[in-house]
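The structure under discussion appears below in the form of structure tokens.
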Amino acid sequence: IWDIESQSIAAVLNSTCSPRFYGLLPISGLGVNYIENLTNPRQPQAFMLSKLNIFPSAVLSGRYHNIPFENKLCKYCLLELDSTSHILSCPTHHKFHQQILVPFTPNLSGSPESVIQCLLVDKSFKVTDSMAEYLARVLYTINETSRTKSGHLSVPIPLFIYFFIFYSTI
């Protein structure tokens with residue numbers, strides 16, 4: 001059973017549902033992880049979902065429902081593909097972005113992928129704390145929107161991700 005599980009984990013690590021997709025280092029190789037110092041329990045979860053590239057989005061949902069990639073637009077703005085990097089520029093979350101991220105990250109520029117890579121490195125407490133707070137608020141907004149429409153969360157999250165989040169913060 002362990003061999004099958006390790007093969008499954010290895011396959012996930014090399015897929016687009018992986019921190020390697022953004023060029024991020026494994027959690028154990030970062031030294032001090034400021035994610036452990038976050039006080040709100042929703043923040044580490046939101047931060048890790050984003051770091052693992054499984055933040056609830058149309059791209060993630062489309063993986064489970066066989067939706068063509070070009071039909072995975074953001075359900076809020078309908079302007080771009082709804083992905084983990086899109087949440088930084090989505091007009092719906094602009095208020096959170098201005099309140100939380102801009103004071104700590106005013107000089108970040110470049111592609112959305114490079115910006116989110118810088119924000120998810122977890123090497124500065126201020127950046128990790130503000131990014132985790134931003135992601136927690138966005139995740140709360142997404143969950144509330146999903147619950148009001150369907151009565152339950154619309155994005156399934158694999159069970160092994162919860163184990164990964166739990167063991168990475170110990």
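Counting every other Cβ atom within 10 Å of each residue's Cβ, 64, 76, 140, 134 order from fewest to most as 64, 140, 76, 134.
Here's how it looks for residue 73: its modeled amide H is under 5 Å from those of 82, which are all 5 or more places away or on a different chain. Per-residue 3J(HN,Hα) values for segment 83-89, derived from phi via the Karplus relation 6.51 cos²θ - 1.76 cosθ + 1.60 with θ = phi - 60°, read 9, 4, 6, 5, 4, 6, 10 Hz in sequence order (x marks Gly and Pro). For segment 35-50, putting each phi into the Karplus relation 6.51 cos²θ - 1.76 cosθ + 1.60 with θ = phi - 60° gives couplings of 4, 5, 8, 6, 8, 7, x, 6, 5, x, 4, 5, 4, 5, 4, 6 Hz, in residue order, rounded to whole numbers and with x for Gly and Pro.
If the chain between residue 108 and residue 40 were fully stretched, how many nm would it gain, using 0.36 nm times the residue separation less the Cα-Cα distance?
21.9 nm
Rule-based calculations on the coordinates, nothing more; no lab input. Remember, it's a predicted structure, so these values are computed and weren't measured experimentally. Please note: Cβ atoms are built from the backbone with ideal geometry, for glycine as well, and neighbour counts cover all protein chains shown.
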